[in-house]
Amino acid sequence: PLEEWVHLATMYPDSFAGASNASWQLIVANRYKEALPFAEAAAVPQDPLRAFPLDHVGRIQLALGKPQEALETFKLAERAGG
């Protein structure tokens, strides 16, 4: 479903579910740099499920060798609800 989620997120940039799921599918495919913009697009205060894409951002930061940034992002995700 990777291509479909990326397509949805690209066509409808305000679709938090599309961006979040696209980021997750790209993370699973080890395509971290490509996943980051989608995760960041969904990790906004308007997204009621913001904790999930924030977790994605943290995982990407870890994979890209940025542990301190990841720790701060995980703390933010925890405060956001999970």
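The values are calculated or read from the model by the stated rules, or taken from the named source; none is laboratory data. As the structure is a computational prediction, the values presented were derived from the model and not from experiment. Heads up, the Cβs are rebuilt from the backbone with ideal geometry, glycines too, and the neighbour counts pull from every protein chain shown. These accessible areas exclude ligands, DNA and RNA; they are computed on the full protein's heavy atoms, side chains included. Shrake-Rupley method; radii C 1.70, N 1.55, O 1.52, S 1.80 Å.
The listed residues are 49, 76, and the only one of them that is over 15 Å from residue 17 (Cβ atoms) and more than 10 Å from the chain's Cα centre (by Cα) turns out to be 76.
When segment 46-71 is limited to residues that are over 17 Å from residue 15 (Cβ atoms) and basic (Lys, Arg), the one that is surrounded by the fewest Cβ atoms within 10 Å (Cβ to Cβ) turns out to be 66.
Might you check whether a residue that is touching a helix residue (DSSP H, G or I) at 6+ places or on another chain (Cβ under 9 Å) and more than 21 Å from residue 2 (Cα to Cα) occurs anywhere in segment 21-36? No: zero hits. Pairs please, first residue from segment 65-82 and within 12 Å of residue 52 (Cα to Cα), second anywhere and surrounded by 13 or more Cβ atoms within 10 Å (Cβ to Cβ) and small (Gly, Ala, Ser), Cβ atoms under 8 Å, 6+ apart in sequence or on different chains. From segment 65-82, the pairs are 73/58; 74/58; 77/51; 77/58; 78/51; 80/51; 81/51; 82/51. For segment 11-35, residues that are open to solvent by 20 Å² or more (accessible area, probe 1.4 Å) and more than 11 Å from residue 63 (Cα to Cα) total 13. On the stretch given as segment 58-73, residues that are within 13 Å of the chain's Cα centre (by Cα) and basic (Lys, Arg) total 1. In segment 39-54, the residues that are at negative phi and in contact (Cβ under 8 Å) with a residue 24 or more places away in the chain reach residues that are assigned to a loop (DSSP other than H, G, I, E, B) and surrounded by fewer than 16 Cβ atoms within 10 Å (Cβ to Cβ) with C-beta atoms within less than 6 angstrom, at least six apart or across chains, in these pairs: 51/81; 51/82.
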